[in-house]
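One structure is given here, and the rest of the page talks about it.
The values are calculated or read from the model by the stated rules, or taken from the named source; none is laboratory data. As the structure is a computational prediction, the values presented were derived from the model and not from experiment. Every residue, glycine as well, gets a Cβ built from its backbone with ideal geometry; the counts of neighbours run over all protein chains shown. To get the accessible areas, we keep the full protein, side chains included, count just its heavy atoms, and leave off ligands, DNA and RNA. Shrake-Rupley method; radii C 1.70, N 1.55, O 1.52, S 1.80 Å.
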Number of protein chains: 4
Amino acid sequence: MSDTLGVGLIGTGYMGKCHALAWNAVGAVFGTKIRSSLVHLADISEGCARQKADEFGFKKSTGDWRKLIEDPEVDVVSITTPNALHPEMAIAALEAGKHVWCEKPMAVQLVDAERMAAAARQSGKVAILGYNYIQNPMIRQIGEHLAAGTIGQVNHVRIEMDEDFMADPEALFYWKSEASSGFGALDDFVVHPLSLLLNLLGTPTRVFAHQANPYPSRPTREGTHREVETYDIANVLFEIGNGISGILAANRSAWGRKGRIAIQIFGSAGSILYDQERMNELQIYRAGEHLAGYTTILAGPKHSPYDHFIPAPGHGLGFNDLKIIECYELIRAISGENARVVDFDAGLKIENCVHAMARSHAEGRWIEITNA
Amino acid sequence: MSDTLGVGLIGTGYMGKCHALAWNAVGAVFGTKIRSSLVHLADISEGCARQKADEFGFKKSTGDWRKLIEDPEVDVVSITTPNALHPEMAIAALEAGKHVWCEKPMAVQLVDAERMAAAARQSGKVAILGYNYIQNPMIRQIGEHLAAGTIGQVNHVRIEMDEDFMADPEALFYWKSEASSGFGALDDFVVHPLSLLLNLLGTPTRVFAHQANPYPSRPTREGTHREVETYDIANVLFEIGNGISGILAANRSAWGRKGRIAIQIFGSAGSILYDQERMNELQIYRAGEHLAGYTTILAGPKHSPYDHFIPAPGHGLGFNDLKIIECYELIRAISGENARVVDFDAGLKIENCVHAMARSHAEGRWIEITNA
Amino acid sequence: MSDTLGVGLIGTGYMGKCHALAWNAVGAVFGTKIRSSLVHLADISEGCARQKADEFGFKKSTGDWRKLIEDPEVDVVSITTPNALHPEMAIAALEAGKHVWCEKPMAVQLVDAERMAAAARQSGKVAILGYNYIQNPMIRQIGEHLAAGTIGQVNHVRIEMDEDFMADPEALFYWKSEASSGFGALDDFVVHPLSLLLNLLGTPTRVFAHQANPYPSRPTREGTHREVETYDIANVLFEIGNGISGILAANRSAWGRKGRIAIQIFGSAGSILYDQERMNELQIYRAGEHLAGYTTILAGPKHSPYDHFIPAPGHGLGFNDLKIIECYELIRAISGENARVVDFDAGLKIENCVHAMARSHAEGRWIEITNA
Amino acid sequence: MSDTLGVGLIGTGYMGKCHALAWNAVGAVFGTKIRSSLVHLADISEGCARQKADEFGFKKSTGDWRKLIEDPEVDVVSITTPNALHPEMAIAALEAGKHVWCEKPMAVQLVDAERMAAAARQSGKVAILGYNYIQNPMIRQIGEHLAAGTIGQVNHVRIEMDEDFMADPEALFYWKSEASSGFGALDDFVVHPLSLLLNLLGTPTRVFAHQANPYPSRPTREGTHREVETYDIANVLFEIGNGISGILAANRSAWGRKGRIAIQIFGSAGSILYDQERMNELQIYRAGEHLAGYTTILAGPKHSPYDHFIPAPGHGLGFNDLKIIECYELIRAISGENARVVDFDAGLKIENCVHAMARSHAEGRWIEITNA
């Protein structure tokens, strides 16, 4: 492989721009030997694509994503389109011999996620998912503290993920209210906490879930009301192995919450707290300390890879910086290094969990997850 | 009834002193017409009782609680002994024609709680339980906001109650680890959030519970290990009616938490947050406000009955002040006023809930609560 | 001295009730051998006095405070009247052989404060001032940490005291706007931070002050405007000895602040933060700790005398509890013990400071305080 | 001017990388028509420069900054070298017809700052300073609220800026302890709060300053001690016009503070709070609101130009994003738009203020600033 990595980007929405910014920044932040070259951008039409290509700094543009995948200058494809399109695009890209960076969740149907994982295995290429929250230096810190035994043996975990973009009961029925978009909070949100669990403690081995819907119907553009087919709220009890009990709660109709992912981890010698809305902070309590209380740690250069961004502590990374780190880890994976990524096999574990939760809700009982 | 209320106190531990302080203070704080007279104190022995009577300002003392109950000067009996003793004492006091102020929870066995409620009904006397957290002016504020529709129609609730007094795995096995003391976190802690729900939104109509134990065995004084028979952790999903889904979590082994009761209430037009560790604060988010964010309200004289304690805002009530308010509400109930108390019938509802949770844990399924 | 302490109370406003509550509670909280007896209450008229005596639990009442001072049953006099009346009442009480508990500040004029201190010295009686904030267990903790060297050698201090009871520009001109009431923020507020400094680090040896007035005139009841004669804002730079520089800021027109006293103390090995609006918390940073961050400590029974109120940590004291502690320290002083009080000599130091600040403002230069 | 802007960067330390990252990112974030081309990088030696040029993505490199300034491909020069070098480089670049983006502070000597401002005026080129904190969307929000009268007429301001990079008394004497580096906290820190004041309320018209030094001497590499010639602490009282009083405090030896810039602004109808350590939050109190308390607002797309980074609220910008915004404003200024920048004339105002403070310290009196 040459030192230049040709990048193709499909999709230019929220996550599309986020990927574009990461590809623009990653080289200078990390001083990587491999430099990304922004080769090709695909959008819904050639016109849109050209405009975004100019904005984001891509050379070529196309209204047909298959052209991008066939482009021999493209080495890696960022897929940031609606979830339903992930399987087809990701599998095509892998089959064309490209590395893939696909946004989460993998797919709406479990069988599609399985096909994606199989395609990745078969291709021998790097295929990862956009679970950016695991890249936060503070989340890495949590992992290091857990490994070092700072809080002893973990026995209880609570994770909440809440936003309010669907909190308005008068907001119109739209695609996220349709069953074709997935379960609702489960695949919109719960997959993120699961990616954190996967990274920090392992995924659940047993789940009990309850979904709820604060607004059973929503107004339509036509002035009628239509029954909502997804659940905005998911409440989950779980166990990891025999020793950890946990609660996972997600709500995309939670007025006041903007980007909350609140984590509480309790162990035999202390506890750790984190909230994504204050993503540059971490709180740790250690039993037996002279000063008994939560210590609030501000992100700083001691928390790798914060130092690649800023040499002074307390100055703060932003959400987009997480995506830059993810991009760097992808480059490391492509270079054959042992990188911190959620690959398609790990992603499939997360999907298995989510589907087990949906089944638990339907059947009103605990579901064991054998391949956790 | 004369303007003097003769007070008897059984038990002089944590809650015993708390009741004593309340009885000493209530008259001056509220300028009540009915004045309490501290008549009789009972403890494990006459010696202990005499010493505490002097400290707390009681006239008579006894090592035999039945003497106190028979004392014609005593109008109301504070019962602050271990839970297992509540039924016998409360029923005896009621049968002797005394009002009763009994600490929570009612009893270890559901049947005893039922007997207590029956005795209260039969006696025609006031019989209340020590659910002091509902007396916080900020909790009252929450109730007023819910009633006024400040956050619209409530659809989701989360309550957590955590402390760390049993978090040390090396702490010796003691009575709270024995099955005879009850379920563990369920009756130690969960009853408190239930008292708050009862007060604010109604008790659950359907529950799914999972109990867990971070430390399956504990060391004994003899150097051996003994299997723990109670659960320090309780994780509960619930519904109230058809419209509210909720999560209730309790952990008395949660390192770092000292007196946490964190409440999150989400509605169609906003949300409310509260944490007992910062009991003089309340956070409210209202959709559609010009300044979209949580407003942190400090307790002040506008939040009745804070004004009876301090005329200036932001100066803070303490935990013991909640007990003084509870004592005042008891006096109001005795005066025939419509008071804010958890009487034995309401307490029985809480016990029903807790026992339904225990059953759900055992059977791994949702339990409906018909008399919620 | 007998074991009963006869209490007289003059004044029944904010602080009057606060003293009354403390006298009612102190015996039971601390289990004192000396028990207070609420003997005599004086107010503006016999009618008012009688009503308040009944409410607060005092035996006798009078509309003439001199009668109270002459009452042989009275051993100690609580003075909670407007500041201008303190000198006459305190000196009369001391001359009548009573102990005195006088609210802060001592007096409006420095010469009166000097007369009060002289009277106290001559009387041989205990005479203290109501600087209750120093009684907070968390403030005591700060003192212990400073003494123990937890944060090394202190070199910088900032204290802010802010409330908003005069923040409304449309509020009517009243006595606090008149020069006869004193300087304004300086004696209303600054004396409190000075009492904390006195207690923790010593009072300033050199001050530079600037007073400001957000609203130069205020409306009157008659519909006119009247020029304000006091300053709501005081900004002060100071030094303590040669080694500590500091800032002291006070504002009684600070919209949003309800009872803020924010303290920041920096030393060579760490720092300490405190805010009275969260009076049950303390934050400490220690250089060189493995976990580098502020540790938030919740008040608990390890922080004497919290344990006399509640045996469990994190449950919170309230503002009135500080007055109960102050009352207990007064009783200890009367018993001849070495108590934590601001006596009239210490109070005079505070007054000296405040008057030096006023002079600095007038002369636009640093003022040395020789008797600090 | 063509649509390509040739960028030269001098210096590759903390701020050098920060500029490099901004130049890499600005086009994609803002979709600018003018695209930056990273042309030339200068460092202390050709070797260093080449390495950093590769890392940061610059085409050419040099060990002689004058070569960069003479490069006809360079349109704008980022100057991120030590403060003492700013005047020579900035003036040379301006004289060579380049736009200049120079890090703060302008210069060590006031006369040099004046020369720089004169050179900028004469050149007709854009010359701005790196006061990035003013670019935070939350700071812009404050400006908008002040303009809209959200908190009424401002009458009191407090700003604190604290870090702890010089807090260790055992840290070796280094160039920041030498008088040749400037005053110390005054030009290291105080200039930042002044840039915020300049932006929000105007610069002080009258100042009284006191500098202090927590550690009068520091160890040297040779094992001796050397007297410190700068001040780590600056305490300042000020006025803006006749109506605003203020306090400005800065401390670069403040253990525990990592990137604190705490702002409190009080007005006749409310107040605003901000802390750079939580740079995505803002707190506003408005008198007369139904819910009386501080509302905490999380940064979101309504707070321009947050929306260019992330379309969802509460996800957080980072410190480096502020520099990207600053870079964008520079490009706008070069395009002739009315941009939000601190140009050399504005920078000179800040320098005037700082030097007035130093004089006030020396003379112990208020200094008027006539050209504020």
Seminar exercise, completed: Note: among C:Ala209, C:Ala148, C:Ala254, just one is closer than 25 Å to C:Phe344 by Cβ and not β-branched (Val, Ile, Thr), namely C:Ala209
Exercise. So A:Phe266 fits all but one of (1) open to solvent by 20 Å² or more (accessible area, probe 1.4 Å); (2) modelled with pLDDT of 95 or more; (3) more than 12 Å from chain D (Cβ to nearest Cβ); what number is the exception?
Worked result: (1)
Seminar exercise, completed: The residue from D:Glu73, D:Glu55 that alone is open to solvent by 10 Å² or more (accessible area, probe 1.4 Å), assigned to a loop (DSSP other than H, G, I, E, B) and either under 22 Å from A:Ala28 (Cα atoms) or within 13 Å of chain A (Cβ to nearest Cβ) (or both) is D:Glu73
Exercise. Is it the case that the range B:336-350 has a residue that's under 24 Å from the mean Cα position of the chain (by Cα) and either within 14 Å of chain C (Cβ to nearest Cβ) or within 18 Å of C:Arg257 (Cα to Cα) (or both)?
Worked result: no
Seminar exercise, completed: Within the range A:203-247, restricting to residues that are under 23 Å from D:Pro313 (Cβ atoms) and open to solvent by less than 10 Å² (accessible area, probe 1.4 Å), the one that is nearest to the other protein chains (Cβ to nearest Cβ) is A:Ile233
Problem set entry | Which listed residue is part of a loop (DSSP other than H, G, I, E, B) and β-branched (Val, Ile, Thr), from C:Ile297, C:Ile310, C:Ile263 | C:Ile310
Exercise. Here are some conditions: (1) within 14 Å of chain A (Cβ to nearest Cβ); (2) closer than 23 Å to D:Val157 by Cα. D:Trp255 meets all but one. Which one does it not meet?
Worked result: (2)
Exercise. Taking interchain pairs and intrachain pairs at least six residues apart, which have beta carbon atoms under 9 angstrom, with the first residue in the range B:242-265 and closer than 18 Å to A:Gln283 by Cβ and outside the structural domain of B:His361 (by TED's automatic domain parsing) and the second of a type in the set (Ser, Thr, Tyr) and outside any loop (DSSP other than H, G, I, E, B)?
Worked result: none
Exercise. Is it true that some residue in the range B:180-190 is surrounded by fewer than 21 Cβ atoms within 10 Å (Cβ to Cβ) and at pLDDT 95 or above?
Worked result: no
For this session: Go through (1) open to solvent by 30 Å² or more (accessible area, probe 1.4 Å); (2) in a helix (DSSP H, G or I) and name the single condition A:Glu170 misses.
Result: (2)
Exercise. Got a number for residues in the range D:27-36 being open to solvent by 30 Å² or more (accessible area, probe 1.4 Å) and in contact (Cβ under 8 Å) with a residue 40 or more places away in the chain?
Worked result: 1
For this session: Take A:Gly11 and decide whether it is in contact (Cβ under 8 Å) with a residue 40 or more places away in the chain, open to solvent by less than 30 Å² (accessible area, probe 1.4 Å) and not assigned by TED's automatic domain parsing to the domain that holds A:Asp187.
Result: yes
Problem set entry | Single match in A:Lys60, A:Lys98 (criterion: free of Cβ contacts under 8 Å to residues at least 40 places away in the same chain, more than 11 Å from every other protein chain (Cβ to nearest Cβ) and basic (Lys, Arg)) | A:Lys60
Exercise. Which one of these does B:Arg158 not meet: (1) surrounded by fewer than 22 Cβ atoms within 10 Å (Cβ to Cβ); (2) more than 14 Å from chain C (Cβ to nearest Cβ); (3) of a type outside the set (Gly, Ala, Ser)?
Worked result: (1)
For this session: Output the number of the condition that A:Asn251 fails; it satisfies all remaining conditions of (1) surrounded by fewer than 24 Cβ atoms within 10 Å (Cβ to Cβ); (2) under 21 Å from the mean Cα position of the chain (by Cα).
Result: (1)
Problem set entry | Enumeration of residues in the range B:128-148 that are open to solvent by 10 Å² or more (accessible area, probe 1.4 Å) and small (Gly, Ala, Ser) | B:Gly143, B:Ala147, B:Ala148
Problem set entry | Only listed residue being open to solvent by 20 Å² or more (accessible area, probe 1.4 Å), polar (S, T, N, Q) and closer than 28 Å to B:Ala312 by Cα, chosen from C:Ser335, C:Ser304 | C:Ser304
For this session: Might you let me know whether the range A:62-79 holds any residue that is closer than 19 Å to A:Ile350 by Cα, of a type in the set (Gly, Ala, Ser) and within 17 Å of the chain's Cα centre (by Cα)?
Result: no
Problem set entry | Checking B:Val39 against (1) in contact (Cβ under 8 Å) with a residue 40 or more places away in the chain; (2) away from chain C (no Cβ under 14 Å); (3) more than 30 Å from B:Asp187 (Cβ to Cβ), the condition it does not meet | (1)
Problem set entry | For B:Leu273: the one exception among (1) open to solvent by 10 Å² or more (accessible area, probe 1.4 Å); (2) part of a strand (DSSP E or B); (3) within 14 Å of chain C (Cβ to nearest Cβ) | (3)
Exercise. What single numbered condition from (1) modelled with pLDDT of 95 or more; (2) over 21 Å from D:Ala25 (Cα atoms); (3) assigned to a helix (DSSP H, G or I) fails to hold for A:Ala84?
Worked result: (1)
Exercise. Looking at B:Phe173, B:Phe189, which is the one that is within 14 Å of another protein chain (Cβ to nearest Cβ) and in contact with a strand residue (DSSP E or B) (Cβ under 6 Å, 6 or more places away or on another chain)?
Worked result: B:Phe189
Exercise. Within the range B:283-306, which residues are away from chain C (no Cβ under 13 Å) and within 12 Å of B:His145 (Cβ to Cβ)?
Worked result: B:Gln283, B:Ile284, B:Tyr285, B:Arg286
Exercise. Which residue, of D:Thr370, D:Thr295, is open to solvent by 20 Å² or more (accessible area, probe 1.4 Å) and either touching a Cys at 6+ places or on another chain (Cβ under 9 Å) or of a type in the set (Val, Ile, Thr) (or both)?
Worked result: D:Thr370
